[in-house]
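Data block below; observations after.
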Amino acid sequence: MSPRALLALFLALSLLPACKRAKEETPAAPAARKTKVGLVLGLGGRGDQSFNDSALRGLEVWASGVKYEQGAYKDVSPEERQASLQESLGDDMARRNLQVTPLGITPVVLQSRVAEDYEPNLQLLVDQGVALSLGVGFMLENAVEAAAKRNPRMHFLLVDSPLLSAEGTPYSLPNVRTVVFREEEGCYLVGALAGLVTKTGKVGFVGGMEIPLVKRYEAGFRAGVAATNPKATVVANYTGSFTNFALGKQVGQDLLTKGSDILFAAAGVDGLGAIQAVKEAHDEGRPVYVIGVDSDPSHLAPKAVLSAVVKRVDLVVYEAIRDQVQGHFQGGNLSLGLKEGGITYAPVRLDVPGKEQALRTLEELKAKIISGAIQVPTHPDQLEPAKAGIGKP
């Protein structure tokens with residue numbers, strides 16, 4: 001082989017490793033960045049078995065396909081996800097042709113220790129680059145309003161309250177979607193159920209803070225009881241809190257002691273205490289029941305939970321995220337009730353006397369509310385005392 005040929009062969013061989021290294025060190029194309037969606041929880045926090053957990057279900061399990069366990073996210077199996085959808089939406093999925101598919105987003109969840117944390121936490125979400133910030137609970141209204149005005153190009157969802165002016169008048173911002181529920185409609189139905197099931201003719205209402213939102217619960221419940229059992233008495237007691245389990249349990253025990261055989265617990269974490277009071281009484285052999293709010297609490301007391309007024313917070317959260325991901329998010333104010341499927345009542349799983357007839361009655365009443373034939377009151381003052389079963393604690 002000539003010297004020139006040897007030189008050419010040497011150069012060719014010397015270049016092979018370099019070419020190989022260049023191929024190995026070329027970085028892979030970056031994966032598409034997932035949209036981040038943030039949620040600021042109310043003070044009840046994760047595990048409240050109610051409002052916050054419903055929002056987390058819509059964000060994490062449905063939109064993200066993950067679950068939070070022991071401080072970290074884990075993938076949700078298709079079976080777990082389907083079970084969650086079935087438990088929350090049930091037959092409504094087929095009836096309303098609901099499409100709830102994973103959206104491939106990254107959840108960012110912040111807990112607030114005190115109400116003063118709400119606004120800084122919302123701003124922290126914005127600073128972390130979330131595309132949509134979620135505030136669940138009427139107590140976040142001021143914080144969402146301030147954060148939205150400070151960040152007009154960012155999108156926000158406020159659940160359970162409209163934006164309110166200094167005069168207390170609802171108004172809108174173009175980057176905020178607000179969702180409120182006509183809770184009184186669902187409360188009317190579970191009140192009607194309580195009126196049909198009670199044996200003592202006395203039912204209890206455990207409220208949290210004595211505010212217009214909870215007064216709507218009480219008004220609807222009283223009206224429903226009066227519709228099916230005009231002679232029954234409704235005894236209301238407010239805890240003044242949404243975060244005191246022990247106080248809710250104490251109030252529940254007091255109402256049971258004074259003869260109520262069904263309690264309607266509309267008090268957040270305090271309501272969980274009332275549910276526990278009923279569970280313990282039922283376990284002792286007393287024929288008492290409880291009705292929950294926001295989410296179905298049957299798993300907490302399977303033998304004592306009669307039903308619940310369910311707010312579809314999970315679906316509201318999911319649909320806002322879907323609109324954001326698809327580029328369709330719009331601000332504005334939504335009001336959801338029985339007609340829109342934003343409010344429903346949880347399945348009556350207990351085998352109570354007259355159950356089938358009671359369920360038929362509830363469906364008849366539901367149809368009348370949707371048609372407008374029944375106008376459900378939004379405050380106890382709208383009810384005549386004789387027709388509202390007004391009782392003293």
Once the other residues with Cβ under 11 Å from the Cβ of ILE262 are scored (Lys, Arg +1; Asp, Glu -1), what is the net sum? +1
Quick one: which residues, 5 or more positions from LEU338 or on another chain, have an amide H under 5 Å from its amide H? H modelled 1.01 Å from N in the peptide plane, none for Pro or chain starts. ILE343
Compute the distance from the alpha-carbon center of region 352-377 to that of region 71-88, in whole Å. 32 Å
Quick shape check on region 167-262: root eigenvalues a ≥ b ≥ c of the Cα gyration tensor, a/c under 1.5 is rounded, otherwise prolate if a/b tops b/c, else oblate, and it reads oblate
For the chain, size of Cβ-based charge dipole, Lys and Arg +1, Asp and Glu -1, in debye: 760 debye
Rounded to the nearest Å, the spacing of the alpha-carbon centers of region 170-185 and region 268-317 is 26 Å
Under a 5 Å amide H to amide H cut-off, with H placed in plane at 1.01 Å, what residues pair with TYR289 once short-range neighbours are removed? ILE262, LEU263
Quick one: what are the phi-derived ³J(HN,Hα) couplings along region 176-192, Karplus 6.51/-1.76/1.60 with θ = phi - 60°, whole Hz, x for glycine and proline? 10, 9, 10, 10, 10, 10, 8, 4, 4, 5, x, 5, 4, 5, 6, x, 4
Region 36-181: relative contact order in percent, alpha carbon pairs under 8 Å with at least 6 residues between: 27 percent
Mean Cα-pair separation over length for the chain, i.e. relative contact order, pairs under 8 Å, 6 or more apart, %: 18 percent
Quick note, region 36-181: a/c under 1.5 would make it rounded; otherwise a/b > b/c is prolate and the rest oblate (a ≥ b ≥ c, C-alpha gyration tensor); here it is prolate
Rounded to the angstrom and largest first, Cα extents along the principal axes for the chain equal 116, 49, 40
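Every number here is computed from the coordinates shown, using simple stated rules; none is lab data. Keep in mind the model is a prediction, meaning the values are calculated, not measured. All Cβ positions, glycine included, derive from the backbone under ideal geometry; neighbour counts span all protein chains shown.
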